[in-house]
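Right, one structure below, let's go through it.
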Amino acid sequence: MTWTNPLTLLRHGWTRHWNPDRPVRTVVSNLPFEDLKKREQPNRRYEGNAIRTNKYRLWSFIPMNLFEQFHRMANIYFVGLAILNFVPVVNAFQPEVALIPICIILALTAVKDGWEDFRRYQTDQQLNNTPCFIFSRKQMCFVERRWKDVRVGDFVRVLSNEIIPADILLLHTSDPNGVCHMETANLDGETSLKQRKVVPGFSSLGEPFQPQTFDSTVVCENPNNNLNLFKGYVERPDKRRTGFGIDSLLLRGCMVRNTDDAAGIVVYAGHETKSMLNNSGPRYKRSKIERKMNTDVLFCVVLLFFMCLIGALGHAIWLETFSSMPSYIVPDSNGNYTPSVLAGFYMFFTMIILLQVMIPVSLYVSIELVKMGQIFFITQDVELYDEELDRRVQCRALNITEDLGQIQYVFSDKTGTLTENKMVFRRCSVMGTEYCHEENVVVPDRKLMLEVDRQMASIQTGPYLDFFLALAICNTVLVSSVTAQRQRVRVNVADLAGAERVGDVLRALTHKTLADPFSIDEDESDGFHSSDVSDAAGQKVISSERKVKSSLSGSEEVCYEAHSPDEAALIHAAKAYGFTMMERTPHYVTVKLPDEALLKFEVLDILTFDSTRRRMSIIVRHPHTKEIIMYTKGADSAIMERLGNVFSDLNVSAKQTAVKTQRDLDMYARNGLRTLCFAKKVEVISEQEFRAWSAVRQEALSAIEEKEERLMETANFIESSFTLLGATGIEDRLQESVPETIQALRRAGMQVWVLTGDKPETAINIAYSCKLLEHEDLVFTFISVILQSLCKMRLEDTLGELRRSMLPPGADHQFRGYSSAFTGPLMEPSIGLVIDGPTLSMAMSDELVEQFVELCKHCRAVLCCRVTPLQKSAVVKLIRQKLRVMTLAVGDGANDVNMIQAADVGIGVSGQEGMQAVMASDFAITRFKHLQRLLLVHGHWCYSRLANMVIYFFYKNVAYVNLLFWYQFFCGFSATAMIDYWLMIFFNLFFTSAPPIMFGIMEKEVSDSTLLSLPELYKRGQHSEGYRRSTFWIAILDAFYQSLVCFFIPYWTYNGSDIGIFAFGTPMNTVSLFTIILHLAIEIKSWTAVHWVIMIGSVLVYFIVTLAYSAICISCNPPSDPYWIMHKQMADPMFYLVCILTTVVALLPR
């Protein structure tokens, strides 16, 4: 049989899947076509670089804004009624008056929208007119233009500390190593530098950049919003292709740092750039109360329909009682009277116009104002302020504050959320021997140091040296001198200020960034991501800058910029043992050994970390032996499964080393340490084998179709036959007050889940440390379940055991850990569940998902380990949809973004992992302990305030409208109003609008100290006790009772007298105001000076406006006018007696 090279098989397998017809973007240089018209240029179909984020033009503002506002059914409803009032046969009062309320609402909203859009327009203009340098063939140099002049195919030059104007493929840099450093803080909030490198073959050391000689074609993928992935190749005239990735793309909105200048060709411009495609605007979510409120508005519509139907039938019946038409009924122009049935039909619409206030038109505007006030007080809470970071809580979603008070499930990340994410190197195992480091600063272990010195003195090589060389070079740490940090080159103060202003504009523009959903959870990947290689599939953009300074000879210092705290801890440990990384370029990495000698390794390739392989490798050429060596680090399972001949009888020592190292790893995990394995390629890679493999990998790098799969196969092909070097254990301490916070959340009735990528042993140890699991808990463990049938059997057995120990029927399984809000725990143990990623995938399959969800319902705490970001978001969506519960997700890293966005409420922790989680969240905190106060205090307050305010709004409108309805029984259902129309409008717009808004912002039903000491009070919001259907109907019945009292006591008082219609209605209007205001006063639990001012001020405004209106309105509504009515009433003692007696009787049930 003929042997076939596996690399050939790989190449042939990929060729079958290659689809050359897939749409891609082809970019050529604009320079040869500079003199042609725009329609004749090859890149004409691509978008320009000018952006426009404002929605309106000056001429289109009014029609477009009205069109958008009429998407709200309430606005259509009120405009329709106002238009209906212009129909003579059904109008209830002056047509112009009916337009006033809705016009005020529409005008206020239009002013707000117009101001916001104008600010966006100013931002666009500032960005579009920012200066930049574009190469001109006529002048044969870079000339200053504006951002809006940049086009795809142009060559753009960016100086140090300047903002990048478009997405540029890097072709030249002033750095001799062909690299450019880029700061992405404007884009994703991260301050660590990202390294970009020139496309291979397009930069010659010491030679100036000559764009006019560029005759290649750039082929890349179509625009997308993935900030971590970019695929394409450069095709030369001889058809040779050179692949590139995200490591060669300068992103619009980022800033060039530590590089004099960089230049390249524009591939995406304007709205097609990755930063603009990620600008999705502010997040909008509908809160639970808002959804319930919309249903209650429909109930009010139904109630209004029946009231109008009664009015229509009553009017028709009343007309039938006359044998001849009375003189006050006016015939039409022909002298004919309208038939009673038709008159009743008309009256139905007239009654709708009269009673339209039944639907609270100002409720939606009031809710927006209340939520703005609530957000202000949340952000001003000093208890949520972090002095160390100088940050306060951020509220990024403006309309779900009340949802903070109804959370039932909390899903939390571990690393950086529950823990500090400040790593300390604690233990290591080298060749099966374990060494401990107890100090917070790495102090070399004496025995380990002796082994290193022995190998250095004798053979200059060995596993101990390889172990520390792997620690020093198998990472993504960048090296620069301290003086070069954020250097500012040839930039004057004015230019710098301009760049900072543009940066502020870009930060305001960019509201959201997306993380790659296929990258692994940062819990197991922080230590091994590469940001400076082209095959960055699945790469995670990691966060904040961590620096470790290393003293060199003389006074020179270098600064390490590690993209994760794991890498900082590892490189610090290597330095402590004398292995100091001195320099890193795309092609070389230099390490100083303990004997001060320098080793300069040639970097042949870097295989980045991904969530499938769970390891990172670096392939180098040894400077002395010229051998090709591969160092690898990764999760223990990813390394152990690829060791060469470990478990054969021929290699006893390697087998013993693997067994001892695995035992040490298990011990590290039980102690809660984060573990990594280090290995070296056991077989020397031949030059011929490497060249063949490299050719296949370059072909994969040049691919656009199935690029990730092809890169994965090349990595798996060469990552084999490892020799195990050792393992490390890194400590990540719990944050302050994490156990207390989790216990408080559990007492509040919330089920807490922790989703982590760590080993099960590490995760379980942390779970017990943070009180997620208690030692008396009944914990079910689903780990390493291989077959789905076995998983199904385990689920059935577990559910059977639970059902046998179930509470009696009627008990609430969800909160069964407490018999009531204030009694102690029941005898039944709380249930915990531990499950790993592979088993979780099986449990969430269609066949087992119902049983898995049933089991989760019984668990007070769930720990998911070895899970990917996609699994995190899938779990949140599953529980949210299947159990119909309110969910909250909290995380700190870019890989938590999917989970945060999948939950009802997303919380970002702005700690060591940068700002991507924060920018994707609804609320941002700095410490996990702040979650306790945010939910138990502010969540409870916001929910109870808004729930009570919404109920009060419905009550207020129904109580007032019913006054007009009861009067219809005494006026022949003729839709006559005994209250002046203007005063009716003022009543809801001015007299009674401020108190409920103040109530919704400032009410404190229970003090914060009580809410923190009794977390059980939080369950009121979980069970929607503040806003239930029964609560709504009780408020409606209360409104009906109060309206009856407010109408009939004045009616019986003035019955038989000769007072006019408005003199009869004025006491009712006044009594209604007193009743509605005092009703709210009874609801208020915490009075302040603001409460007194607004409550008393509303009453004073009523009397002042009414007195002034009565004095000046001589003939406003002929033939009956309100002139001097209020003055006469206030001179009558009976008026005061009616007001006092009616108000007391109306409020007696309260």
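In region 876-1017, the alpha-carbon atoms span a convex hull of 179 Å³ per residue. When every Cα-Cα distance of region 1043-1150 is counted in 5 angstrom steps from zero, the calculated P(r) takes the values 2, 11, 20, 21, 19, 14, 7, 4, 1, 0 percent. Total lysine pairs in region 556-661 at Cα distances under 26 Å, for residues eight or more apart or on different chains: 12.
Where a Cα-Cα gap under 20 Å defines reach, which aspartates and glutamates qualify for LYS882, not counting those fewer than 8 residues away within the same chain? Answer for LYS882, where 20 Å is the Cα cut-off: ASP403, GLU796, ASP812, ASP846, GLU847, GLU850, GLU854, ASP904, listed by chain and number. Of the residues VAL301, VAL961, VAL79, the one with the largest accessible area comes first in the ranking VAL301, VAL79, VAL961, computed with a 1.4 Å probe on protein heavy atoms. Please state, as a whole number in µm²/s, the translational diffusion coefficient that the Stokes-Einstein equation yields for region 393-470 at 4 °C and 1.567 mPa s, with Rh defined as the Kirkwood radius across alpha carbon pairs. Here the translational diffusion coefficient equals 76 µm²/s.
For region 120-265, the square roots a ≥ b ≥ c of the C-alpha gyration tensor eigenvalues yield an a/c under 1.5, which makes the shape rounded.
With a 1.4 Å probe rolled over the protein heavy atoms of all chains, the accessible area of VAL652, VAL256 falls in the order VAL652, VAL256, largest first.
How fast does region 739-805 diffuse by Stokes-Einstein, in µm²/s, taking the Kirkwood radius from C-alpha pairs at 20 °C and 1.002 mPa s? It diffuses with D of about 154 µm²/s by this estimate. Pairs of alpha carbons in region 873-949 separated by more than 14 Å make up 62% of all such pairs. Simple rule: put +1 on each Lys or Arg Cβ and -1 on each Asp or Glu Cβ in region 934-1053, find the dipole, and look at VAL950, GLN968, ALA994; the Cα lying farthest toward the positive end is VAL950.
Report the net charge of residues surrounding GLU1083, where surrounding means a beta-carbon distance below 11 angstrom and charges are Lys +1, Arg +1, Asp -1, Glu -1. It works out to a net charge of +1. Heavy-atom accessible area with a 1.4 Å probe sorts GLU434, GLU796, GLU388, largest first, into GLU388, GLU796, GLU434.
Restricting region 838-921 to GluC sites (Glu not before Pro) that sit in a DSSP loop and have at most 16 other Cβ atoms within 10 Å of their own Cβ leaves GLU847.
For region 1097-1150, the fraction of C-alpha pairs farther apart than 18 angstrom is 49 percent. Around the Cα centre of the chain, unit charges on the Cβ atoms of Lys, Arg, Asp and Glu (plus for the first two, minus for the last two) sum to a dipole of about 1140 debye.
In the structure shown, the pairs LYS447/LYS771; LYS38/LYS274; LYS371/LYS771; LYS292/LYS1019 are assessed against 29 Å; a Cα-Cα span above that value is assigned to LYS447/LYS771; LYS371/LYS771. In region 338-381, the alpha-carbon atoms span a convex hull of 46 Å³ per residue.
List, in the order given, every pair from LYS857/LYS877; LYS288/LYS857; LYS197/LYS231; LYS857/LYS929 whose Cα-Cα distance in the structure shown is over 18 Å. Don't skip to the end; give the middle numbers.
Working: LYS857/LYS877 15 Å; LYS288/LYS857 21 Å; LYS197/LYS231 15 Å; LYS857/LYS929 25 Å.
Among LYS857/LYS877; LYS288/LYS857; LYS197/LYS231; LYS857/LYS929, the Cα-Cα distance tops 18 Å for LYS288/LYS857; LYS857/LYS929.
Shape annotation for region 615-714: C-alpha extents along the principal axes are 44, 32, 28 Å, from largest to smallest. Plainly put, region 277-379 has a radius of gyration that is 1.28 times its Kirkwood radius, both from alpha-carbon atoms, as the Rg/Rh ratio. Here, region 688-784 has an Rg and a Dmax of 22.3, 65 Å when only alpha carbons are counted.
For region 32-72, the fraction of C-alpha pairs farther apart than 13 angstrom is 68 percent.
Sorted largest first, the spans of the alpha carbon positions of region 69-160 along the three principal axes are 79, 22, 19 Å. Sorting the segments 615-625, 166-176, 1027-1037 by their mean number of nearby beta carbons within 10 angstrom, highest to lowest, gives 166-176, 615-625, 1027-1037. Neighbours of SER784 by Cβ distance under 14 Å: Lys/Arg scored +1, Asp/Glu scored -1, total -2.
The residues of region 657-797 present an accessible area of 38 Å² per residue when probed at 1.4 Å with all protein chains retained.
For a test of the definition: using alpha carbon positions, the gyration tensor, and the 1.5 limit on a/c, classify region 192-303 as rounded, prolate or oblate.
It is prolate, given that a/c is not under 1.5 and a/b is the larger ratio.
Each peptide in 798-805, 470-477 receives the mean, over its residues, of other Cβ atoms within 10 Å, and ordering these scores from highest gives 470-477, 798-805.
Where q = 0.12, 0.18, 0.21 Å⁻¹, what log10 of I(q)/I(0) comes from the Debye formula for region 555-612, counting one point per Cα? Here log10 of I(q) over I(0) equals -0.34, -0.75, -0.98. In terms of packing, defined here as the mean over residues of other Cβ atoms within 10 angstrom, the peptides 345-352, 788-795, 1083-1090 line up highest first as 345-352, 788-795, 1083-1090. In order along region 422-436, the phi-based Karplus estimate (6.51 cos²θ - 1.76 cosθ + 1.60, θ = phi - 60°) of 3J(HN,Hα) comes to 10, 7, 10, 6, 10, 9, 8, 10, 10, 6, x, 9, 9, 10, 10 Hz; Gly and Pro are listed as x.
Histogrammed with a bin width of 5 Å, the alpha carbon distances of region 973-1048 distribute as 3, 10, 10, 17, 20, 14, 10, 7, 5, 3, 2, 0 percent, first bin at zero.
Only one item in [x] 240; [y] 570; [z] 470 matches volume of the Cα convex hull per residue in Å³ derived from the coordinates shown, and that item is [x].
The DSSP beta bridges internal to the chain are antiparallel in roughly 75% of cases. Using a probe of 1.4 Å on the protein chains alone, the accessible area found for ARG396 is around 70 Å². By accessible area, using a 1.4 Å probe on protein heavy atoms only, the chain has 58% of its surface on carbon and sulfur. Shown here for region 109-181: trypsin sites (Lys or Arg not before Pro) in loop regions (DSSP other than H, G, I, E, B) with at most 11 other Cβ atoms within 10 Å, namely LYS138. Taking the helices alone, the chain has a mean residue ellipticity at 222 nm of -13000 deg cm²/dmol, built from -39,500 (n - 2.57) per DSSP H run of at least 4 residues and averaged over all its residues.
Which of rounded, prolate, oblate describes region 103-152, given a ≥ b ≥ c as roots of the alpha-carbon gyration tensor eigenvalues and a/c under 1.5 marking rounded, otherwise prolate only if a/b is larger than b/c? Verdict is prolate for region 103-152.
The values are calculated or read from the model by the stated rules, or taken from the named source; none is laboratory data. Nothing here was measured: the structure is a model prediction, and the numbers come from that model. All Cβ positions, glycine included, derive from the backbone under ideal geometry; neighbour counts span all protein chains shown. Please note that ligands, DNA and RNA were not included when accessible areas were found on the heavy atoms of the full protein model with its side chains. Shrake-Rupley method; radii C 1.70, N 1.55, O 1.52, S 1.80 Å.
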